[in-house]
Amino acid sequence: MNLILSRENTYLFYIIIYIISICLLILAKKIKSSKIVNFLFFVVVSMLFCIIAFRTVGIDRQTYIEIYEYIPYYRENYTLLVMEPFYFALNLIAYYIFKSYVFIQIFQGAIYAISIFYILKYCKEKRLNTVIVYAFTIGSMFFYMMGLVRMCIAVSTFTICFVEYLKKTNLKLLITGIIIAGGFHYSAIIIGFIFIFLFVLNNQKRIKHIIFYVGYVFPILLFILLKIFNSFLVSRLGLSKYAGYLDVHFDIMNLKGIIYILPLIFLYFFWGDRGKSMDVLFKKQMAIIIVISHLSCFFNGAFRFSFYINIFVGILYAIYFKKRIIVPQYVVEIIFVIVMSVYPIPVFFDSPYITHLIVPFAMKF
(Lines give C-alpha, C1' and ligand atoms only; values in the text may rest on other atoms or scores of the structure.)
Protein backbone atom coordinates (compact mmCIF):
# COMPACT_ATOMS: atom_id res chain seq x y z
CA MET A 1 0.00 0.00 0.00
CA ASN A 2 1.36 3.42 -0.99
CA LEU A 3 0.64 6.55 1.02
CA ILE A 4 1.54 9.86 -0.60
CA LEU A 5 0.52 13.04 1.21
CA SER A 6 0.11 16.49 -0.24
CA ARG A 7 2.46 19.24 0.90
CA GLU A 8 -0.11 20.66 3.31
CA ASN A 9 -1.05 17.24 4.67
CA THR A 10 2.63 16.42 5.15
CA TYR A 11 3.04 19.34 7.53
CA LEU A 12 -0.20 18.38 9.27
CA PHE A 13 1.02 14.77 9.57
CA TYR A 14 4.30 15.81 11.20
CA ILE A 15 2.51 18.18 13.57
CA ILE A 16 -0.05 15.56 14.62
CA ILE A 17 2.65 12.96 15.35
CA TYR A 18 4.54 15.55 17.38
CA ILE A 19 1.50 16.65 19.38
CA ILE A 20 0.33 13.10 20.07
CA SER A 21 3.81 12.15 21.29
CA ILE A 22 4.02 15.17 23.60
CA CYS A 23 0.55 14.44 25.01
CA LEU A 24 1.47 10.82 25.71
CA LEU A 25 4.64 11.92 27.50
CA ILE A 26 2.70 14.42 29.61
CA LEU A 27 0.28 11.63 30.50
CA ALA A 28 3.18 9.32 31.37
CA LYS A 29 4.46 11.88 33.87
CA LYS A 30 1.23 11.62 35.83
CA ILE A 31 1.13 7.81 35.97
CA LYS A 32 2.94 5.80 38.63
CA SER A 33 2.62 2.35 37.07
CA SER A 34 5.92 1.59 35.33
CA LYS A 35 4.20 -0.88 32.97
CA ILE A 36 1.74 1.73 31.71
CA VAL A 37 4.51 4.33 31.42
CA ASN A 38 6.64 1.91 29.38
CA PHE A 39 3.64 1.17 27.17
CA LEU A 40 3.14 4.89 26.51
CA PHE A 41 6.84 5.24 25.70
CA PHE A 42 6.50 2.25 23.37
CA VAL A 43 3.61 3.92 21.52
CA VAL A 44 5.67 7.10 21.08
CA VAL A 45 8.73 5.34 19.67
CA SER A 46 6.58 3.03 17.52
CA MET A 47 5.31 6.05 15.59
CA LEU A 48 8.89 7.13 14.95
CA PHE A 49 9.79 3.59 13.90
CA CYS A 50 6.99 3.42 11.33
CA ILE A 51 7.96 6.76 9.79
CA ILE A 52 11.59 5.71 9.37
CA ALA A 53 11.04 2.08 8.42
CA PHE A 54 8.41 2.51 5.72
CA ARG A 55 9.20 5.97 4.29
CA THR A 56 10.02 6.43 0.63
CA VAL A 57 11.55 9.88 1.24
CA GLY A 58 14.52 11.15 3.22
CA ILE A 59 17.92 12.83 3.00
CA ASP A 60 20.38 10.84 0.83
CA ARG A 61 17.83 8.04 0.37
CA GLN A 62 18.65 7.60 -3.31
CA THR A 63 22.35 7.29 -2.46
CA TYR A 64 21.66 4.50 0.01
CA ILE A 65 19.45 2.69 -2.49
CA GLU A 66 22.24 2.86 -5.06
CA ILE A 67 24.67 1.38 -2.54
CA TYR A 68 22.24 -1.47 -1.95
CA GLU A 69 21.73 -2.07 -5.68
CA TYR A 70 25.50 -2.19 -6.31
CA ILE A 71 26.24 -4.60 -3.46
CA PRO A 72 27.44 -7.39 -5.85
CA TYR A 73 30.02 -4.95 -7.19
CA TYR A 74 31.06 -3.79 -3.72
CA ARG A 75 31.33 -7.39 -2.56
CA GLU A 76 33.93 -8.09 -5.24
CA ASN A 77 35.84 -4.84 -4.65
CA TYR A 78 35.33 -4.30 -0.94
CA THR A 79 37.84 -2.50 1.27
CA LEU A 80 37.36 -0.67 4.57
CA LEU A 81 37.67 2.63 2.68
CA VAL A 82 34.79 1.74 0.37
CA MET A 83 32.22 1.28 3.11
CA GLU A 84 32.05 0.75 6.87
CA PRO A 85 32.16 -3.03 7.60
CA PHE A 86 28.96 -3.37 9.62
CA TYR A 87 26.95 -1.29 7.17
CA PHE A 88 28.37 -3.42 4.36
CA ALA A 89 27.26 -6.56 6.25
CA LEU A 90 23.78 -5.06 6.73
CA ASN A 91 23.51 -4.48 2.98
CA LEU A 92 24.65 -8.05 2.28
CA ILE A 93 21.90 -9.40 4.54
CA ALA A 94 19.29 -7.14 2.94
CA TYR A 95 20.39 -7.97 -0.60
CA TYR A 96 20.97 -11.71 -0.42
CA ILE A 97 18.65 -12.86 2.38
CA PHE A 98 15.69 -10.46 2.52
CA LYS A 99 16.11 -9.23 -1.08
CA SER A 100 14.75 -5.82 -0.16
CA TYR A 101 16.24 -2.44 0.72
CA VAL A 102 13.33 -1.92 3.13
CA PHE A 103 15.03 -4.31 5.57
CA ILE A 104 17.78 -1.72 6.07
CA GLN A 105 15.23 0.97 6.92
CA ILE A 106 13.40 -1.40 9.28
CA PHE A 107 16.69 -2.11 11.05
CA GLN A 108 17.43 1.62 11.16
CA GLY A 109 13.97 2.44 12.52
CA ALA A 110 14.18 -0.28 15.17
CA ILE A 111 17.57 0.76 16.54
CA TYR A 112 16.54 4.43 16.55
CA ALA A 113 13.27 3.65 18.37
CA ILE A 114 15.15 1.59 20.97
CA SER A 115 17.59 4.45 21.60
CA ILE A 116 14.75 6.95 22.16
CA PHE A 117 13.01 4.43 24.45
CA TYR A 118 16.26 4.12 26.46
CA ILE A 119 16.50 7.89 26.78
CA LEU A 120 12.90 8.27 27.92
CA LYS A 121 13.29 5.52 30.53
CA TYR A 122 16.54 7.04 31.78
CA CYS A 123 14.91 10.46 32.14
CA LYS A 124 11.94 8.92 33.96
CA GLU A 125 14.27 7.11 36.39
CA LYS A 126 16.25 10.30 37.05
CA ARG A 127 13.08 12.38 37.35
CA LEU A 128 14.05 14.55 34.41
CA ASN A 129 11.50 16.21 32.18
CA THR A 130 10.87 13.79 29.29
CA VAL A 131 8.86 16.41 27.39
CA ILE A 132 11.84 18.79 27.25
CA VAL A 133 14.25 16.04 26.19
CA TYR A 134 11.92 14.58 23.57
CA ALA A 135 10.90 17.95 22.09
CA PHE A 136 14.54 18.99 21.79
CA THR A 137 15.64 15.67 20.28
CA ILE A 138 12.86 15.43 17.69
CA GLY A 139 12.92 19.10 16.71
CA SER A 140 16.68 19.33 16.27
CA MET A 141 17.57 15.94 14.83
CA PHE A 142 14.74 13.65 13.73
CA PHE A 143 14.60 14.72 10.09
CA TYR A 144 18.33 14.15 9.76
CA MET A 145 18.02 10.73 11.38
CA MET A 146 15.04 9.86 9.22
CA GLY A 147 17.22 9.96 6.12
CA LEU A 148 20.88 9.49 7.09
CA VAL A 149 20.84 5.71 7.52
CA ARG A 150 24.45 4.99 8.50
CA MET A 151 24.63 7.98 10.81
CA CYS A 152 21.28 7.14 12.40
CA ILE A 153 22.33 3.56 13.21
CA ALA A 154 25.71 4.70 14.53
CA VAL A 155 24.23 7.46 16.70
CA SER A 156 21.47 5.18 18.03
CA THR A 157 23.92 2.41 18.91
CA PHE A 158 26.22 4.86 20.66
CA THR A 159 23.27 6.40 22.54
CA ILE A 160 22.10 3.05 23.92
CA CYS A 161 25.59 2.16 25.16
CA PHE A 162 26.24 5.60 26.60
CA VAL A 163 22.99 5.57 28.55
CA GLU A 164 24.05 2.21 29.98
CA TYR A 165 27.40 3.77 30.85
CA LEU A 166 25.65 6.60 32.69
CA LYS A 167 23.67 4.05 34.68
CA LYS A 168 26.43 1.51 35.42
CA THR A 169 29.73 3.33 34.67
CA ASN A 170 30.79 0.37 32.54
CA LEU A 171 33.66 1.65 30.41
CA LYS A 172 33.99 -1.65 28.51
CA LEU A 173 30.38 -1.33 27.38
CA LEU A 174 31.00 2.25 26.24
CA ILE A 175 34.06 1.19 24.23
CA THR A 176 32.08 -1.70 22.73
CA GLY A 177 29.33 0.70 21.71
CA ILE A 178 31.85 3.04 20.07
CA ILE A 179 33.38 0.15 18.09
CA ILE A 180 29.97 -1.11 16.92
CA ALA A 181 28.80 2.41 16.04
CA GLY A 182 32.08 3.00 14.21
CA GLY A 183 31.35 -0.10 12.15
CA PHE A 184 28.36 1.77 10.72
CA HIS A 185 29.91 5.24 10.51
CA TYR A 186 33.58 6.03 11.13
CA SER A 187 32.70 9.37 12.74
CA ALA A 188 31.74 7.41 15.88
CA ILE A 189 35.40 6.46 16.35
CA ILE A 190 36.46 10.11 16.34
CA ILE A 191 33.80 11.25 18.79
CA GLY A 192 34.45 8.08 20.79
CA PHE A 193 38.07 9.07 21.47
CA ILE A 194 36.85 12.31 23.01
CA PHE A 195 34.29 10.51 25.18
CA ILE A 196 36.76 7.89 26.39
CA PHE A 197 39.41 10.50 27.15
CA LEU A 198 36.99 12.50 29.26
CA PHE A 199 35.13 9.72 31.00
CA VAL A 200 38.17 7.78 32.19
CA LEU A 201 39.38 10.87 34.05
CA ASN A 202 38.42 10.71 37.70
CA ASN A 203 40.98 13.05 39.27
CA GLN A 204 39.10 16.14 40.39
CA LYS A 205 42.11 18.42 39.94
CA ARG A 206 42.53 17.32 36.34
CA ILE A 207 38.83 17.56 35.55
CA LYS A 208 38.77 21.30 36.25
CA HIS A 209 41.11 21.75 33.26
CA ILE A 210 39.01 19.66 30.88
CA ILE A 211 37.03 22.55 29.43
CA PHE A 212 40.19 24.43 28.50
CA TYR A 213 42.32 21.60 27.11
CA VAL A 214 39.63 19.60 25.37
CA GLY A 215 37.25 22.40 24.49
CA TYR A 216 39.80 24.83 23.11
CA VAL A 217 43.27 23.30 22.62
CA PHE A 218 42.11 20.10 20.87
CA PRO A 219 40.11 21.83 18.08
CA ILE A 220 42.95 24.27 17.39
CA LEU A 221 45.57 21.50 17.20
CA LEU A 222 43.33 19.46 14.93
CA PHE A 223 42.79 22.48 12.70
CA ILE A 224 46.56 23.02 12.37
CA LEU A 225 47.31 19.33 11.69
CA LEU A 226 44.63 19.03 9.01
CA LYS A 227 45.80 22.24 7.36
CA ILE A 228 49.26 20.71 7.08
CA PHE A 229 48.35 17.13 6.14
CA ASN A 230 45.06 17.61 4.27
CA SER A 231 46.40 16.81 0.78
CA PHE A 232 48.32 13.80 2.08
CA LEU A 233 45.25 12.30 3.77
CA VAL A 234 43.03 12.81 0.73
CA SER A 235 45.41 11.73 -2.06
CA ARG A 236 47.85 9.31 -0.48
CA LEU A 237 45.51 7.48 1.91
CA GLY A 238 42.53 7.35 -0.45
CA LEU A 239 40.21 9.38 1.76
CA SER A 240 38.76 11.42 -1.10
CA LYS A 241 35.17 10.59 -0.06
CA TYR A 242 35.90 12.39 3.23
CA ALA A 243 37.50 15.41 1.53
CA GLY A 244 34.62 17.64 2.61
CA TYR A 245 35.23 16.74 6.24
CA LEU A 246 39.02 17.16 6.04
CA ASP A 247 38.90 20.55 4.30
CA VAL A 248 39.26 23.12 7.08
CA HIS A 249 38.81 26.88 7.18
CA PHE A 250 37.52 29.17 9.89
CA ASP A 251 33.94 30.36 9.42
CA ILE A 252 31.89 31.31 12.44
CA MET A 253 28.73 31.09 10.32
CA ASN A 254 29.11 27.29 10.41
CA LEU A 255 27.70 27.52 13.94
CA LYS A 256 24.25 27.91 12.40
CA GLY A 257 24.12 24.11 12.15
CA ILE A 258 24.33 23.75 15.92
CA ILE A 259 22.61 26.95 16.99
CA TYR A 260 20.41 24.98 19.39
CA ILE A 261 23.33 24.01 21.66
CA LEU A 262 24.73 27.54 21.97
CA PRO A 263 22.19 28.69 24.61
CA LEU A 264 23.29 25.80 26.83
CA ILE A 265 26.93 26.89 26.55
CA PHE A 266 25.86 30.45 27.42
CA LEU A 267 23.88 29.23 30.45
CA TYR A 268 26.81 27.12 31.59
CA PHE A 269 29.27 30.03 31.65
CA PHE A 270 26.76 32.66 32.73
CA TRP A 271 25.05 30.69 35.48
CA GLY A 272 27.72 28.78 37.28
CA ASP A 273 30.20 27.18 34.93
CA ARG A 274 32.80 26.63 37.62
CA GLY A 275 30.47 26.36 40.56
CA LYS A 276 30.78 23.40 42.88
CA SER A 277 27.07 22.69 42.40
CA MET A 278 27.81 21.44 38.87
CA ASP A 279 28.75 17.77 39.11
CA VAL A 280 31.66 16.18 37.26
CA LEU A 281 29.44 14.40 34.73
CA PHE A 282 27.85 17.68 33.71
CA LYS A 283 31.28 19.26 33.19
CA LYS A 284 32.52 16.37 31.08
CA GLN A 285 29.50 16.54 28.80
CA MET A 286 29.81 20.31 28.55
CA ALA A 287 33.44 19.85 27.46
CA ILE A 288 32.29 17.64 24.57
CA ILE A 289 29.60 20.14 23.59
CA ILE A 290 32.16 22.94 23.51
CA VAL A 291 34.51 20.80 21.41
CA ILE A 292 31.74 20.25 18.85
CA SER A 293 30.89 23.95 18.75
CA HIS A 294 34.50 24.90 18.07
CA LEU A 295 35.07 22.15 15.52
CA SER A 296 32.01 23.41 13.68
CA CYS A 297 33.78 26.71 13.09
CA PHE A 298 36.56 24.85 11.24
CA PHE A 299 34.71 22.07 9.40
CA ASN A 300 31.74 22.40 7.06
CA GLY A 301 30.44 18.98 8.08
CA ALA A 302 31.50 19.01 11.74
CA PHE A 303 27.93 19.67 12.87
CA ARG A 304 27.26 16.00 12.08
CA PHE A 305 29.39 15.11 15.09
CA SER A 306 26.76 16.94 17.13
CA PHE A 307 24.32 14.12 16.32
CA TYR A 308 26.13 11.99 18.89
CA ILE A 309 25.55 14.53 21.65
CA ASN A 310 22.19 16.00 20.67
CA ILE A 311 20.13 13.75 22.91
CA PHE A 312 22.44 14.48 25.82
CA VAL A 313 22.18 18.20 25.13
CA GLY A 314 18.45 17.75 25.63
CA ILE A 315 19.12 15.94 28.91
CA LEU A 316 21.45 18.71 30.06
CA TYR A 317 18.78 21.31 29.32
CA ALA A 318 16.38 19.29 31.47
CA ILE A 319 18.97 19.03 34.27
CA TYR A 320 19.81 22.71 34.10
CA PHE A 321 16.24 23.96 34.19
CA LYS A 322 15.39 21.52 36.96
CA LYS A 323 18.18 22.92 39.15
CA ARG A 324 18.33 26.55 38.12
CA ILE A 325 15.08 27.85 36.72
CA ILE A 326 12.62 29.50 39.08
CA VAL A 327 9.51 29.34 36.87
CA PRO A 328 7.25 26.26 36.94
CA GLN A 329 8.32 23.27 34.86
CA TYR A 330 5.18 23.37 32.73
CA VAL A 331 6.18 26.86 31.53
CA VAL A 332 9.58 25.52 30.45
CA GLU A 333 7.81 22.60 28.75
CA ILE A 334 5.56 24.91 26.77
CA ILE A 335 8.53 27.04 25.69
CA PHE A 336 10.53 24.00 24.56
CA VAL A 337 7.60 22.43 22.73
CA ILE A 338 6.91 25.66 20.83
CA VAL A 339 10.56 26.51 20.09
CA MET A 340 11.39 23.00 18.89
CA SER A 341 8.31 22.96 16.67
CA VAL A 342 9.37 26.26 15.08
CA TYR A 343 13.07 25.39 14.70
CA PRO A 344 12.51 22.81 11.89
CA ILE A 345 10.76 25.40 9.70
CA PRO A 346 13.88 27.29 8.50
CA VAL A 347 16.19 24.29 8.85
CA PHE A 348 14.13 21.52 7.25
CA PHE A 349 10.97 22.98 5.72
CA ASP A 350 12.40 26.08 4.08
CA SER A 351 15.67 24.69 2.80
CA PRO A 352 16.69 24.40 -0.87
CA TYR A 353 18.73 21.31 0.07
CA ILE A 354 16.45 19.37 2.43
CA THR A 355 12.79 20.31 1.99
CA HIS A 356 12.20 18.52 -1.32
CA LEU A 357 13.66 15.35 0.21
CA ILE A 358 11.11 15.14 3.04
CA VAL A 359 8.12 17.01 1.61
CA PRO A 360 5.75 15.65 0.46
CA PHE A 361 5.91 12.67 2.77
CA ALA A 362 5.35 9.20 1.35
CA MET A 363 5.28 5.67 2.78
CA LYS A 364 5.01 2.18 1.39
CA PHE A 365 3.82 -0.79 3.45
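The values are calculated or read from the model by the stated rules, or taken from the named source; none is laboratory data. Note that the structure is a prediction, hence the values are computed from the model and not measured. All Cβ positions, even for glycine, are placed from backbone atoms using ideal geometry, and neighbour counts span all protein chains on display. Please note that ligands, DNA and RNA were not included when accessible areas were found on the heavy atoms of the full protein model with its side chains. Shrake-Rupley method; radii C 1.70, N 1.55, O 1.52, S 1.80 Å.
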Report task. Grab the beta carbon distance between residue 225 and residue 66, set R0 = 45 Å, and tell me the FRET efficiency rounded to 0.05. Result -> 0.85
**Report entry** Net charge over other residues, Cβ less than 15 angstrom from the Cβ of residue 10 (K, R count +1; D, E count -1)
**Finding:** 0
Requested in this report: Quickly rank 14-22, 182-190 as a protection proxy: mean count of other C-beta atoms within 10 Å, highest first.
Outcome: 182-190, 14-22
Requested in this report: Within the range 346-365, which residues have the backbone N less than 18 Å from the label spot 7 Å out from residue 9 along Cα→beta-carbon, could you tell me?
Outcome: 358-365
Query raised in the report: Excluding ligands, DNA and RNA, what is the solvent-accessible area per residue of the range 97-159 at a probe of 1.4 Å, expressed in Å²?
Result: 28
Query raised in the report: To the nearest 0.05, what FRET efficiency results for residue 193 and residue 342 with a Förster distance of 51 Å applied to their C-beta separation?
Result: 0.90
